[in-house]
1. Throw me the Rg/Rh for segment B:183-259, computed over C-alpha atoms with Kirkwood Rh, two decimals.
2. Largest first and in whole Å, give the semi-axes of segment B:332-396's equivalent ellipsoid, each being the square root of 5 times a Cα gyration tensor eigenvalue.
3. Could you check the simple spin-label distance between B:Leu47 and A:Arg31, using points 7 Å along Cα→Cβ, in nm with one decimal?
4. Which residue fluctuates the most in chain C, going by a Gaussian network model with Cα springs under 10 Å, if the choices are C:Glu250, C:Glu164, C:Glu236?
5. Per residue of B:169-182, count partner chain C-beta atoms within 10 Å of its C-beta, then hand back the mean as an integer.
6. Hey, how many Å between the Cα centroid of segment A:97-147 and the Cα centroid of segment B:321-376?
7. Evaluate segment B:44-289: find the radius of gyration of its Cα atoms, find its Kirkwood radius, and give the ratio Rg to Rh.
8. What does the charge count around C:Ile101 come to, taking other residues whose C-beta lies under 11 Å from its C-beta (Lys +1, Arg +1, Asp -1, Glu -1)?
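Just so it is clear, none of the values below were taken in a lab; they were calculated from the coordinates. Treat the numbers as computed from the prediction; the structure is a model and nothing was measured. Neighbour counts are summed over all protein chains in view; Cβ atoms, including those assigned to glycine, are modelled from backbone coordinates with ideal geometry.
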Amino acid sequence: MTLLRSTRTPTWRRFLPLLVILGLVALVVWRMLYLGSVGERFNAGFFLRAFIDSVKLGSLYALIALGYTMVYGIIRLINFAHGEVFMVGAFTTYFLFTITPYALPAAIVMAIILTFGLMRVVELFRGSMRDPIVLGVGAIGVVVLTVALSAFTWPFWAAIVGSMLATGVLGLSIDRVAYVPLRSAPRNSLLITSIAVSFFLQNVGLLAFTNRQTPFRPDTPLTTPLAFEVGGAPVLTNWLLVAIPVVTLVLVIALTSFVTRTRLGKAMRASAQDAEVAQMMGVSVNKVIATTFLLGSMLAAAGGAMWGLNFGSLNQPAIMGILPGIKAFAAAVIGGIGSLPGAVIGAMIIGFSENFLTALFPRTPTFLGITEFKDTFAFVLLILVLLIRPSGIVGEDLSEKV
Amino acid sequence: MARIVTPTAFDAIDPKKRVRNVALTFLAVGVGVLVLYLLEGIGSTKLVQALALLAIWGVATVSLNLINGTLGILSLGHHGFMLIGGYTTGLLMLDEAARQRILTSARSTMTEETLALSVSNLLRGFGLEALTTPETLWVRFLIAIFLGGLLAAFAGLLVGTPSLRLRGDYLAIVTFGFGEIIRLTASTRLFSAYTNGALGFPGVTSEFGKSIWWTFGALAFTVFVISKLKYSSYGRAMQAIREDEIAAQAMGVNVAYHKVLGFVISAFFAGVAGGLWVSWLGGVRLDFFLFQLTFFFLVAISAGGTGSITGVLLGTAVVVFVRQYGDPLEESYSIQTWLYIASATLALAAAGAVLFRTLRRLRPRLHWGSWVLVGGAAAAALVAAVDPAVIEGTFRGFGMRAIFLSVLLIVIMVFRPDGMLGRTEFSWSWFLREQRTGPTDEERTQDAWLSNPAFGSEAGRAAAREQELAEDDTDAPEGSDDEGRR
Amino acid sequence: MAMLEVERLRKSFGGLTATNDVGFHVDQGEIVSIIGPNGAGKSTVFNLITGVYRPDAGDVRFEGTSIVGKSTNQVVDLGIARTFQNLRLFTNLTVLENVLISQHHRLRSNWLSAVFRTPSYRRQERAMREVATEKLGFFGPRLQSFRLHQPVYVLSYANRRRTEMARAMATGAKLLLLDEPSAGMNPKETSEITQIIRRMRDEGGYTIVVVEHKMNLVGEISDRVIVLDYGQKIAEGAYRDVVNDPKVIEAYLGKKAGDDKREELADG
């Protein structure tokens, strides 16, 4: 029984995202005016701070959500382990900028592992491990990385790039070890496996990194304070206000152009439409999936690094990835899972609701505030979206399938 | 093809064998009771506790498997149901001294009214003073457990309802979300009068949770109900939903009712397990009910085999064993020892890979991955042996058990997704190797004859006479079902 | 009075109209075939009758009462059962279990009495087994004895089709909707299915609606044939009349070829 798909989209559906967002904005404005008339504290600066936090948080969620959405778009797997990949990315950055240079033997081992990963990455584009370029990258990579790891203290930007590479390789390996053998298995088995991978990474993180909260204060000009006044109210923030959205934007644009312009990106989109047919047309679906994991993990690592920068500390590994992961997944679902712009829009919605809910319903003498329900809210939102509109608010026609 | 005939509860068993099976069952139960009695007498406290935990988690896994295995819905919210049952039982069974302590404690968020909630007060309200004595504690415990189960079942109703709209992984996420919502809201001020916020409360009687008899009694009851349900018409309908929801509905099965029924029954027993678990721990705290609990159950179910209750219990035994006896893994050893352990593990993994590829006749037998493992093992051993000075210090394997269980789960999912037992259920005829594994010769010939002539038609029979043995549509084993298609 | 009456049934998916004002009736004890080229809306009609889809307009009446808006399992309760074009058996369950499941909706014990195996439950269970054996008996001994306890995935394609028909019969339905019962079967098996469908009507007392592509099967069994094309009924009547209808030939073979092929089709 094949259900015939609707070929036309009803008009109301095309305007739905707009309506939802307008409705939310109207609610927020109304509540802001009300609060402003009630208390001295709730001035323009108060809400501007919430706005800035929302944009930053939304951008971070977007980076994680893209990984969820790409993987789901292609192999229909809710990658439970993605939140933990994000955690590993954050901690790798931390270890790259705090305790470099390493002792030579450790540096050599790490360089070998990383170079092997690097070769795998280049191989995705070149097609064979024996390709001269892949081998060249391997040879140069070992030397350069060994020197880099054992001779210098890494600056923050280099730590982010290195962490993205290492985490990308981790994503590749997770796919190879845990998901490739299950390509033809029922989807529930795949989901269970991803839960197992997630637990594995949590506990390995506990074992290998630390078991307590870690301060994350790299030496970078981005965290220098930035103070200005809005309507007479002081707002104290830092340059991350600009840096996080800009980095996110650059990465999203790079990803989008990769997906639309390159051969491999087009293969990705083809596989998202129908992996079987794509395979018959000569697309190596395994390679496409590996690329997906690579890109998703790299974005998550960038997100992790900036997460640490934003909050000034990393939570302990066992719990750091869970809530951001779930919220980013909710974002991906809200935006319409499988769609890249949808993930960004969804992440912004989550980021804004999280900050504005707590700002709009703050603790007042008569009301205790809703801060303690902040995390519950993400789950409630996720369940509501899944129940009411599993295809997300962006819907099918606006979205571009990966 | 391993086994073609699967056992069902409706296998025609001849009466003599049925009598024998009943006798054997009684005998086995008797032996089991005796063994438990002996173990309780001579076993260490740790062993008795491990056994009790096995039974408690057995209740949880068997009930979880009603949703995951029989109904075919991946449910990830079992810890939420257990939390409800656990907190209810805990609050209702809190002893008087503990109540006084909490009432006078400055950090407590519980009120006098909520602390007055107890089975004793309930019974007093009904005028049953006789049941509030210390000797009748077990009656109160049973009532508390039952009420906990009922509340959890109600939560199961709430969680089960979305299952009517959703399928597959989205539904799994929704159950996970519900489980987490239950856990997160339990500590907020909405419920902190009942749960004492994140602090929880100690002082729940552990007389029952740590007793082999109570826990195994609960397990026996659970296994009885769930297995009878699974092998009844209702269980068949649930399995039909697992196999093909649309077809089940088209055959008259009320899919909505059966799904919700499965959730409610499963949640009830989860609540019972939660009550026993709280009693085993002797108190209630939020972090007794983390998602990790559901993960352990998932490992148990997948390791044993979702198709079989026996398998689930076997898997639970593995998980409980690792949890209770795996603590040497988490102790502090010198890094040299750890390197040797790592080396040995890698070498074993490599050997396992070679063995696996040999058994499955995969070529090349020595995959490059095995070489990587061997290389890693050699490197670790080399470092440990040659240069102990560099690697002085000790290292605590914190979280090793969880790592072990997650690796176990990945390995099972990759290499044996059906679990240890698959769909094989324990039965006496299986145990005594009486199970038929295929048609007899007589049936084979009958079958060959049948499939030759076009059944019932004179013309067909004539045609068949000409090409007597040329064709047959003898049922082919799995994988070759395309033959009959055009 | 007609057993099943379908009136001006309309269903469209987005811009595509799958059935447009289809109307027909089926009398008690009849075998009616619905034929038509691919995509003519045959399966959609089945889905509309059994409540898988809800029609946009029109009415379906079974024994006088409207069944529009009822869910699939309620339709089965009333007495309409179906098979599927591409087999939807419960593959990991045994043949017997498959046929028992379709009788589950007639069970009159709640789940607690099923758990405790009350005498009334045991009696019903035995009755269900008897019905199952009887319905499987329609296909000769080939689905009985040891095969009762074989999981469906080891069965041959033809046996799966047979099991599915037995399963539909066991629901206790009076009206059976068979969606391409002979798909994937060789000529020998097809002729056997033809006999079986006859016997299902004659001995089992079922009223049968068949969607089929194989013309010789349709010709042999049908009391009446309904032809659909592009969601519309273009002809109805006895097989001989229908296949000679120029509109039907045009639908199947196109306008030009129609004249040449007319005779061939009539013989086929």
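1. Value, to two decimals: 1.23.
2. Rounded to whole Å, the semi-axes are 30, 11, 6.
3. 6.0 nm
4. Most flexible of the set in this elastic network: C:Glu250.
5. Mean shielding by partner chains, rounded to a whole number: 6.
6. After rounding, the separation between the Cα centres reads 25 Å.
7. 1.01
8. -1
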